[in-house]
1. If only one of 78, 54 is crowded, with 18+ Cβ neighbours inside 10 Å and under 13 Å from the mean Cα position of the chain (by Cα), which one is it?
2. With respect to residue 111, determine if the residue is at negative phi and exposed (fewer than 10 other Cβ atoms within 10 Å of the Cβ).
3. Spot the failing condition for residue 57; the list is (1) in contact (Cβ under 8 Å) with a residue 40 or more places away in the chain; (2) not in a helix (DSSP H, G or I), and only one is missed.
4. Please give the number of the condition residue 39 fails out of (1) in a loop (DSSP other than H, G, I, E, B); (2) closer than 28 Å to residue 125 by Cβ; (3) in contact with a helix residue (DSSP H, G or I) (Cβ under 8 Å, 6 or more places away or on another chain).
5. Here is a list: 62, 121, 147. Which entry is without any contact (Cβ under 8 Å) to a residue 24 or more places away in the chain, within 18 Å of the chain's Cα centre (by Cα) and surrounded by 12 or more Cβ atoms within 10 Å (Cβ to Cβ)?
6. So which residues in region 92-108 are closer than 19 Å to residue 153 by Cβ and either surrounded by 15 or more Cβ atoms within 10 Å (Cβ to Cβ) or touching a residue at least 60 places away in the same chain (Cβ under 8 Å) (or both), if there are any at all?
7. Give me the residue from region 5-51 that is closer than 23 Å to residue 148 by Cα and without any contact (Cβ under 8 Å) to a residue 40 or more places away in the chain and, out of that set, surrounded by the most Cβ atoms within 10 Å (Cβ to Cβ).
């Protein structure tokens, strides 16, 4: 059983977070180990497993990047700790931003760098926006998912820079 099956929703790259809490609490009541104390050891273990899985699924669905990662892993397109090669042009852009960040010595500079990163974030999302938002199981192609994979790795690079920026504030 995967996270989507557990939540009884279709596989999707962008989960509607507004409906998640209600479903999460419904399933929490259904699978909570306290309700299985008088059941067989098999049922106790199953409720414990589903309860733990439910918590992991909810946490994953709360984070759009983690949801994308989970779906790509489900589809066998992304592997844990995979070494993914990004386009040199993107890496050069990130390198330039990192160099600017190293030389940043005032709030105006860091604000400008943050704006550059925000713009780059929008640019890398634009080509995959439709794929992410309109994903349909069985209709979205592997080629499209590979584009989402590249976006995922680019986004990870940008997230690291955002963390550096936050540390400077």
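1. Working: 54 fails: under 13 Å from the mean Cα position of the chain (by Cα).
Every option except 78 fails the conditions.
2. Values: at negative phi: yes; exposed (fewer than 10 other Cβ atoms within 10 Å of the Cβ): no.
Here the answer is no, as residue 111 does not meet what is asked.
3. (2)
4. (2)
5. Values: 62 fails: without any contact (Cβ under 8 Å) to a residue 24 or more places away in the chain; 121 fails: without any contact (Cβ under 8 Å) to a residue 24 or more places away in the chain.
Step by step, each of 62, 121, 147 is checked, and only 147 is without any contact (Cβ under 8 Å) to a residue 24 or more places away in the chain, within 18 Å of the chain's Cα centre (by Cα) and surrounded by 12 or more Cβ atoms within 10 Å (Cβ to Cβ).
6. Result: 93, 94, 97, 98.
7. 9
Here, each number is a calculation from the coordinates, and none is a lab measurement. It should be emphasised that the depicted structure is a prediction, and the values quoted were computed from it without experimental measurement. Methodologically, a virtual Cβ is constructed for each residue, glycine included, from the backbone with ideal geometry; neighbour enumeration extends over all protein chains shown.
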